[in-house]
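Some notes on the structure that comes next.
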Amino acid sequence: MTDLPTTMNAALCDAPGAPLRIAEVPVPVPGPGQYLVRLEACGICHSDLHVQRGEEPMPEEAFPLILGHEGIGRIVAGDGPLALGTRIGLPWLYETCQHCDPCLTGHETFCQSQKARGLDAYGAFAEYAIVEAAFATEIPDGLDPVAAGPLLCAGLTAWSALERCDVHAGQRLLIVGAGGLGQYAIAIGLARGLEVAVVDLDPAKRAEALRHGVSLAVAPHEVDAIHAWGGADITLNFAPTAKVWDLIATVANPLSQIVAVALVHDPVPLSMMWLINGGHRVLGSSVGTRAELRAFLAFASKHMPPIEIEPVPFDQVAAGLERLAAGDVKGRLVLKMGA
């Protein structure tokens, strides 16, 4: 690390609810089995806003915290099999125990000892960051780092949610919530040969979904239109409210598959008889594994989802979070590091 700077700029969150501030901090030093990465880009995710607002219970000693978990950069130092200069991703999943049953059976995102980047470990709203070598995923050639940043969380979360299902071309996929994650799910579902419909309160998001090729885009009260469309074989819920459950249950076809993705703490009226009579499957999905990330990046290198990406200078990260909080983002905001 002799040719590298000893300090760097990072966006710090000093306490829950505190605005981010750019500060000069030491460049982290990689230990055994770690890489040091010079960041090129990092997406701004709603989860960053969730943590910054203090909506995630965290101890005082976790602060000051560096957020950011949609980072892309190149290895500049460290210990591992990848060569210096390799472009890798810095996603939400920082590390897991690697020996519990979920880890050993390909379900590492359900490891109860996992650490998340930008939550349990310093994130990628910085010029440099540490990556555990065992959790480093190469970014395929041809993927622009700014456009690819959101693939590491928003895109991966949508991909992984659909991977939880038994998917066959021609099935009817209902996407509840057509924001950032929903837009990725639309592109993935269409590419996999599914008929896609969207439910969203926002007319602008419904119009955007129609431009992206969905068959139907309706408001939550338009249940009859979903029935007329054919009902839902698979439903992915990205809407952060329990209020959508009645709609989801009502339009579910027999043997439907329903995946909860949005962070909803309130209970829903799940009927055992509804499950039995319909043979439905209801399950949860959280971000995505290393294997799923590798598969999704290979998919995206050939079928890049047509999501609008707005580059944001690194020193405007706080303003970017404010825009996200205000709903003033059409696609995805991505920090662009350097000149």
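The values are calculated or read from the model by the stated rules, or taken from the named source; none is laboratory data. What you are looking at is a predicted structure, and each value in this text was computed from that prediction instead of being measured. For neighbour counting, all protein chains shown are included, and Cβ atoms are generated from backbone atoms with ideal geometry for every residue, glycine included.
Residue-by-condition table, conditions (1) of a type in the set (Asp, Glu); (2) modelled with pLDDT of 95 or more:
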residue	(1), (2)
8	no, yes
24	yes, yes
40	yes, yes
50	no, no
59	no, no
69	no, yes
82	no, yes
90	no, yes
93	no, yes
Handout entry: Hey, residue 177 among the small types (Gly, Ala, Ser), under 19 Å from the mean Cα position of the chain (by Cα) and over 30 Å from residue 76 (Cα atoms) or not
Key = yes
Problem - Residues (surrounded by 11 or more Cβ atoms within 10 Å (Cβ to Cβ), among the aliphatic types (A, V, I, L, M) and more than 27 Å from residue 180 (Cβ to Cβ)) located in region 271-289 - result: 275
Practice task
Say whether the condition of being surrounded by fewer than 20 Cβ atoms within 10 Å (Cβ to Cβ) and assigned by TED's automatic domain parsing to the domain that holds residue 233 is met by at least one residue in region 170-190.
Solution key: yes
Completion exercise
Within region 142-163, the residues that are assigned to a loop (DSSP other than H, G, I, E, B) and either touching a residue at least 40 places away in the same chain (Cβ under 8 Å) or buried (at least 20 other Cβ atoms within 10 Å of the Cβ) (or both) are 142, 143, 153
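Can you work out which of the residues in region 297-308 that are touching a strand residue (DSSP E or B) at 6+ places or on another chain (Cβ under 9 Å) and of a type outside the set (Val, Ile, Thr) is farthest from residue 182 (Cα to Cα)?
Residue satisfying both the conditions and the ranking: 297.
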Exercise for the section: State whether the residues of region 310-323 include one that is outside the structural domain of residue 190 (by TED's automatic domain parsing), polar (S, T, N, Q), under 18 Å from the mean Cα position of the chain (by Cα) and modelled with pLDDT of 90 or more. Expected result: no
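Which residues, taken from region 300-336, are assigned to a loop (DSSP other than H, G, I, E, B) and surrounded by fewer than 20 Cβ atoms within 10 Å (Cβ to Cβ)?
Within region 300-336, the subset assigned to a loop (DSSP other than H, G, I, E, B) is 303-308, 327-331.
Selection gives 303, 304, 306, 308, 327, 328, 329, 330, 331.
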Problem - Residue check for residue 24: not in a loop (DSSP other than H, G, I, E, B) and not aromatic (Phe, Trp, Tyr) - result: yes
Exercise for the section: Tell me which residues, restricted to region 259-296, are more than 29 Å from residue 55 (Cα to Cα) and either hydroxyl-bearing (Ser, Thr, Tyr) or touching a strand residue (DSSP E or B) at 6+ places or on another chain (Cβ under 8 Å) (or both). Expected result: 271, 275, 278, 279, 280, 281, 294
Practice task
Please give the number of the condition residue 94 fails out of (1) touching a residue at least 60 places away in the same chain (Cβ under 8 Å); (2) closer than 27 Å to residue 147 by Cα; (3) in contact with a His (Cβ under 9 Å, 6 or more places away or on another chain).
Solution key: (1)
